[in-house]
1. Rank these by accessible area, largest first, 1.4 Å probe: GLU53, GLU72.
2. On the protein heavy atoms, probe 1.4 angstrom, tell me the percent of accessible surface of the chain carried by carbon and sulfur.
3. Cross-link candidates for LYS81: which lysines have Cα within less than 26 Å, leaving aside residues fewer than 8 places away along the same chain?
4. Sum -39500 (n - 2.57) across every DSSP H segment of at least 4 residues in the chain, then divide by the residue count to get the 222 nm mean residue ellipticity, nearest 500.
Amino acid sequence: MQSSGASLFCYWLGQQSDCISIIDLYFDQIAPPIDYTNVIVKCVVTKNITLEEHIDSFKPDKIILFVRNPIENYLSLSEKKYSNWG
């Protein structure tokens with residue numbers, strides 16, 4: 001979810017030893033399959049790439065869904081150049 005705090009949370013989780021963290025996967029890219037023990041990927045589910053597509057590719061053992069009040073999200077995104085992407 002854009003502007004939800006998910007990037008900061010991903011960064012925080014990625015501070016573990018022996019961990020790879022992809023903090024902001026580009027919005028129109030599918031989470032890649034990575035053969036490593038501790039990998040954290042923050043990806044945005046859009047109308048073009050579904051959650052199921054990310055799961056099928058990345059095969060996570062855990063999923064954390066970040067959601068945000070839609071009004072706050074709209075206000076936060078309205079001033080950003082990427083507000084209507086995806």
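The values are calculated or read from the model by the stated rules, or taken from the named source; none is laboratory data. Note that the coordinates shown come from a computational prediction; the quantities given were computed from them, not determined experimentally. Note: areas computed on protein heavy atoms with side chains; ligands, DNA, RNA excluded. Shrake-Rupley method; radii C 1.70, N 1.55, O 1.52, S 1.80 Å.
1. On the way: GLU53 75, GLU72 100 Å².
Result, largest first: GLU72, GLU53.
2. 55
3. LYS42, LYS47
4. About -7500 deg cm²/dmol.
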